[in-house]
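Have a look at the structure below, then the notes.
The values are calculated or read from the model by the stated rules, or taken from the named source; none is laboratory data. Predicted, not measured: the structure shown is a model, and the values here were computed from it. With ideal geometry, Cβ positions are generated from the backbone for all residues, glycine too; neighbour counts draw on all protein chains shown. Each accessible area value is taken on the protein alone, full model and side chains, heavy atoms only, with ligands, DNA and RNA left out. Shrake-Rupley method; radii C 1.70, N 1.55, O 1.52, S 1.80 Å.
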Amino acid sequence: MPRFQDLRVLGQLDRTYVLCEGRGELVIVDQHAAHERVTLHRLMQAEREQLGGGQRMLTPPVIELTPARARALEPHTGVLARYGLEVEPFGGESFVVKQVPAALAKADLTQLVEDVADDLAEGGGGGPLRDRVESVLATMACHTSVRAGQSLSAYEMRELLRALDAVDFGVCAHGRPVSIRVSPTELERRFHRA
């Protein structure tokens, strides 16, 4: 199986899929799933290797949460800080965002913190902490990933493929496939040539 960066980019289909060719196969890459997987990988590495560091806020925004979200978020602020998302209680149901992972510097911070709190609330106290953290990181990764319907330049498509080679997962953060390979045999069957 060729590395993603060794594939020849043919183009983009419906501003959602990167079409590539390698070793006689058509390889279709879901650009959102691929970028989400790369971002999640970087976030998961952040605690161990401090990849990319964190983006400190010059003017830390204050985010007002619902009481349920605030209760879900507060006990986990220490764990989130290890992954570069530094939020602290700021009185009542307010939280101040002091730092975000570098990979999430352009995220909508209010939506990000609300979604993280929702993930923590849904996970409750029943699941292992690592599973809950991975779920939260998947939500964080989704916030800054390339979207379906977004045009990518040839350079951006090649960079995405290059970044995928550093990731050892075949599915996105939410379990969807990142790529599909179509062999010549499958094409022959579909075109009734076999």
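If you plug each phi of region 54-68 into the Karplus form 6.51 cos²θ - 1.76 cosθ + 1.60 with θ = phi - 60°, what whole-Hz ³J(HN,Hα) values come out, in order, with x for Gly and Pro?
For region 54-68, the Karplus-derived couplings read x, 9, 6, 8, 5, 10, x, x, 9, 10, 8, 10, 5, x, 5 Hz, x marking Gly and Pro.
What do you reckon, how do Ile28, Ile180, Ile63 stack up by accessible area (1.4 Å probe), largest on top?
If we order Ile28, Ile180, Ile63 from most to least accessible, we get Ile180, Ile28, Ile63.
Arg181: net charge of surrounding residues, Cβ under 11 Å, Lys/Arg +1, Asp/Glu -1, itself excluded?
Computed value for this residue: -2.
Local charge sum around Ala68 (other residues, Cβ-Cβ under 10 Å, Lys/Arg +1, Asp/Glu -1)?
Once positives and negatives cancel, what remains is 0.
Could you put Phe191, Phe95, Phe4 in order of accessible surface area, largest first, with the 1.4 Å probe and the full protein assembly present?
Phe191, Phe4, Phe95
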